[in-house]
Amino acid sequence: MKFYPFVPIILTIIGSIVIGKKEPGIIKNWLSGSRPFISVHYLFPTLFGVFLGIHIFQAPVSYLDTLLLVCAIFFSFQTSVINNDINDLRTDQISDKRSLINSDSYSISHYRNLGVYFFLLSLLFALVLGYRILLIVLLGHILHFAYSSKPFRFKRFFPLSILMLALGALLAAIAGYALFESSKPFLSFPPKAALFIVVPLFLALNFRDLADYQGDRKTDVTTLFTLFGIKTGRYINAFLVLMSYLLIPLILQSPLFFIAVIPLGVSSFYFCLKEPFKEKYIFYIYFILIAILVIIFNLNPKIIIG
């Protein structure tokens, strides 16, 4: 077995120890505030892409390669979280939204250095998997940078901001798929699978902006809620989340899925309107959907591949 795939794992451990000693508590605080639900969400498309590659190419899975890719995507997302927090500092302060950077415990420079560390780790994990995986991960970094940072800061423009988040998930899936299809992963990625990722997420992800309403409104960031107002926006968001569930059986061309998605969609609709809004319930329902899809896709892969 070659040693070089283990290099980024070893560097991750060493780097975490060094950073933990230099900035006591920063790793622990980062882990508790690193958007765990969204982090897990980004790993689902990655593993979904691996699943597609296994069944389309009838190839055995490499657990080590999958682990390395999951680490690359995870650290890529954590880089985007830090970059977004830095660029949203004023917005988060207005919205009274807590993050590691506005907790008065760490300076912007220390937080930015942590982001650089995660950025380099994500590229290193991707590099050991080949230059195509590296390019896909790098493209994800560019997408999230353009989303959060000046001079682009596309998150200011609704619905382009939501589309970019959905495309970020699609990139993660293509990265997983590219472990098996290294020549033309973008061109050969199954269209049905791409629609299955992009369309529901494009409809559903508006709920993430609800907690930032006050800050977005005062910093000229256009979202569903700043555009239509908080009350009307909540109803539109709830309807779009419900539609994201109901479209899944149509995309998969499998009416039996309505048995699962209708109660899940209605539950999400309810929690989107319930006050105070708690996004964790939206994620819990989403995770139930993922569990159902995992079972069905493994029983009949042709539903998503064919």
Segment Arg112-Ser254, length gained on full extension (0.36 nm per residue, minus Cα span): 46.5 nm
Percent of C-alpha pairs per 10 Å bin, the chain, short to long: 6, 26, 33, 25, 9, 0
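Which links in Lys155/Lys231; Lys155/Lys274; Lys184/Lys302; Lys150/Lys192; Lys192/Lys274 stretch past 31 Å when you go from one Cα to the other?
On the way: Lys155/Lys231 21 Å; Lys155/Lys274 26 Å; Lys184/Lys302 21 Å; Lys150/Lys192 34 Å; Lys192/Lys274 33 Å.
Going by Cα-Cα distance, Lys150/Lys192; Lys192/Lys274 fall outside the 31 Å limit.
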Helical contribution to [θ] at 222 nm, DSSP H n ≥ 4, -39,500 (n - 2.57), averaged over the chain, rounded to 500: -24000 deg cm²/dmol
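If you wrap the stretch 232-306's Cα atoms in a convex hull and average its projection over all directions, what's the area in nm²?
Details: hull surface 19.6 nm².
That works out to 4.9 nm², a quarter of the Cα hull's surface.
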C-alpha center-to-center spacing [the stretch 244-306, the stretch 130-197] in angstrom: 22 Å
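Could you give the dipole magnitude of the chain about its Cα centre, charging the beta-carbon of Lys and Arg +1 and that of Asp and Glu -1, in debye to the nearest 20?
On the way: 25 positive and 14 negative charges, 31 e Å.
Roughly 140 debye for the chain.
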Calculated FRET efficiency for the pair Leu67/Asp220, C-beta based, R₀ 45 Å, to 0.05: 0.60
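Could you work out how much longer the chain between Leu163 and Val294 gets when fully extended? Use 0.36 nm per residue separation minus the Cα distance between them, nm to one decimal. Each step should come with its number before you reach the end.
Numbers: separation 131, 0.36 × 131 = 47.16 nm, distance 2.46 nm.
Difference between extended and current length: 44.7 nm.
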Phe152-Gln58 FRET efficiency (beta carbon distance; Förster radius 51 Å; 0.05 resolution): 0.80
Under 15 Å from the Ile142 label point (7 Å along Cα→beta-carbon), backbone N, the stretch 184-200: 186
Lys231-Tyr4 FRET efficiency (beta carbon distance; Förster radius 45 Å; 0.05 resolution): 0.20
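State whether the stretch 80-224 is rounded, prolate or oblate according to the following rule on the C-alpha gyration tensor (a ≥ b ≥ c being the square roots of its eigenvalues): a/c under 1.5 gives rounded; otherwise a/b larger than b/c gives prolate, and the remaining case gives oblate. List each step's numbers first, then the result.
On the way: a/c = 2.80, a/b = 1.40, b/c = 2.01.
It is oblate, given that a/c is not under 1.5 and a/b is not larger than b/c.
Which peptide among 290-300, 126-136 comes first, and what is the full order, when sorted by highest mean count of other Cβ atoms within 10 Å? Don't skip to the end; give the middle numbers.
Details: 290-300: 13.5, 126-136: 19.6.
Highest to lowest by the protection proxy: 126-136, 290-300.
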Sequence-separation-based contact order of the stretch 4-305, relative, with Cα cut under 8 Å and 6+ spacing, percent: 18 percent
Rough spin-label spacing in nm, given labels placed 7 Å along Cα→Cβ, for Tyr270 and Ile38: 2.7 nm
Listed residue (Ser161, Leu247, His41) projecting farthest to the positive dipole end of the stretch 4-305, Cβ model: Ser161
Percent breakdown of C-alpha pair distances by 5 Å bin, ordered from the shortest bin, for the stretch 175-274: 2, 13, 18, 16, 14, 13, 11, 9, 4, 0
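Calculate, in nm to one decimal, what Lys278 and Leu89 gain on full extension: separation in residues at 0.36 nm each, minus their alpha carbon distance.
Values: separation 189, 0.36 × 189 = 68.04 nm, distance 2.16 nm.
Value of the extension gain: 65.9 nm.
Any read-out appearing in this document is the output of simple, stated calculations on the displayed coordinates, not a laboratory observation. A quick note: this is a predicted structure, and the numbers were derived from the prediction, not measured. Reconstructed Cβ throughout: ideal geometry from the backbone, glycine too, with neighbour counts over all protein chains shown.
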